[in-house]
Structure formats: structure tokens, C-alpha cells
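Participant: Have a look at this one before I ask anything.
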Amino acid sequence: MYHYKDDIRATRSANMLYEALMKLLKSRPLSAITISDVSHVSTVSRATFYRNFDEVTDLLSWKMDQLFEEVLTGFVTSSPDLHKEDALLIYVMRYWMKEEHARLLEVLFENGRIDIIYQGFVNKANILLEYLKKRGMMYDLDDFEYFISVRAGFFVGIICAWIKNGKKETPEEIVTIIAKQHDDVVNNELIL
């Protein structure tokens, strides 16, 4: 778990630690990287690390939360057409397909930590909830939990398939694939 304080100094240290971790991940798996390794490469002290994070994977969780906050805030401030079913998926996929963001997704996928991707989406879902409230499209809390879990689950599955297939499809191509599969399921009355 991370307990990062949102101030300039903590942000600078957290970013240095994260960049060091990403550098280390180019040459070894996540399971082989220690706090000492990250501290040494980043030149940030272990004490500072422990002031903000408990373990190495907390850096990835922190960054994922930070990036999901950025993308979901960007989505709601873009005044999306909420009646267009693929608006959220296309916007989010375009964001994550940028090389600097895709690398984090690849690292998590390669190290079997897709739970961090899922949790990052869920952790920042309140951004969508607040936007839906303002737009008069309020879901009761139970329905909203399903709304978010379905989208987060789809997103993680789509990202994993995209990475596994060599990251070659565009967001629009992915939406076309999903729409065709959805139609096939509905037309053939298949469950799931």
C-alpha cells in the first residue's frame, strides 16, 4: 500500500523511484527487484521510499492510480457523448496506447500483475460517478459498482489481448472487433 503525500517533494521522489523501477524492469523481472535496488538507481533514500511506499509494487499501483485519474479526468472534461457506447473505450484506449503508458501496461501484464490495472481503474471510478451525477445520469451505488467492474474487466481483458497480439490494433479496430463479437453473442443467444 502506498501512503504518498501529494506535495512537490514527495511527487519528485515518487517519480524518481518509479523511473528507476521502470529502468530496472528492462533487465529483470519485478520479483527480482528490491527496494534497495530502486533506491540505489533512483538516488532516493530508503527512508524516503518507506515514507511513501511499503513495497516495490506500490510504485506501480501509485503510478496506475495517477494515470487513471489523468485519463478519466480528461475523458469527463472532454464533454463526451455518453449515448455513444464506445466513447469511453476509445478515449481510454487512445490514452493507454501512447508509448509511455503502454510500457507500464506491458510491465504489469508480463509480471502477472493485471490486478493493479483493474484496481487503478476502480480506484478512480469516482471521477465517472461524479460526472454522471452532474449529467443527471445517476446510477444507484450498487448499479454503479457493476457499471465500473464490467468496464474495468473489459478494459483489462482488451489490454491483455492487445499486448499479446503485438499492440497492432487501433482503438477503432478494437471497438469494431468487440461490436462484432457482441452482435454474434446476442444473435446466437450465447451466454457470456
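Participant: What number in nm² do you get for the chain if you take the convex hull of its Cα atoms and divide its surface by four? Kindly include the intermediate steps, with their values, before the conclusion.
Facilitator: Numbers: hull surface 49.6 nm².
With the hull built on Cα positions only, its mean projection is 12.4 nm².
Participant: In addition: Let's test the formula: R0 of 30 Å, r as the Cβ-Cβ distance of Asn187 and Tyr146. What FRET efficiency results, to the nearest 0.05? Intermediate results must be reported in sequence, preceding the final value.
Facilitator: Values: r = 24 Å, r/R0 = 0.80.
Result of the calculation: an efficiency of 0.80.
Participant: Cross-link partners among aspartates and glutamates for Lys124, C-alpha distance below 15 Å, same-chain residues fewer than 8 apart left out?
Facilitator: Within the straight-line limit of under 15 Å, Lys124 reaches these aspartates and glutamates: Asp65, Glu69, Glu70, Asp115, Glu145.
Participant: Taking H placed 1.01 Å from N in the peptide plane, check which residues at least 5 places from Phe53 or on another chain put their amide H under 5 Å from its amide H.
Facilitator: Distant-sequence amide H within range of Phe53: His3.
Participant: Dividing the alpha-carbon Rg of region 41-88 by 2.2 N^0.38 Å yields what? Walk me through the intermediate numbers first.
Facilitator: Details: Rg = 16.7 Å, N = 48, 2.2 N^0.38 = 9.6 Å.
Working it through for region 41-88, the quotient is 1.75.
Participant: Let me ask something else about it. Over region 1-94, with the other protein chains present, what is the accessible area per residue in square angstrom, probe 1.4 angstrom?
Facilitator: Details: 5090 Å² over 94 residues.
It amounts to 54 Å² per residue over region 1-94.
Participant: Quick one: 3J(HN,Hα) in Hz for region 117-126, Karplus 6.51/-1.76/1.60 with θ = phi - 60°, rounded, Gly and Pro as x.
Facilitator: Result, rounded to whole Hz: 5, 4, 5, x, 4, 4, 4, 9, 5, 4.
Participant: Of Lys84/Lys134; Lys63/Lys134; Lys98/Lys164; Lys63/Lys98; Lys98/Lys133; Lys98/Lys134, which pairs sit farther than 20 Å apart, going by alpha carbon to alpha carbon?
Facilitator: Details: Lys84/Lys134 18 Å; Lys63/Lys134 28 Å; Lys98/Lys164 17 Å; Lys63/Lys98 15 Å; Lys98/Lys133 30 Å; Lys98/Lys134 30 Å.
Listed pairs above 20 Å: Lys63/Lys134; Lys98/Lys133; Lys98/Lys134.
The values are calculated or read from the model by the stated rules, or taken from the named source; none is laboratory data. Note that the coordinates shown come from a computational prediction; the quantities given were computed from them, not determined experimentally. Neighbour counts run over all protein chains shown; Cβ positions are idealised from the backbone, glycine included. The accessibility values were calculated without ligands, DNA or RNA, using every heavy atom of the protein model including side chains. Shrake-Rupley method; radii C 1.70, N 1.55, O 1.52, S 1.80 Å.
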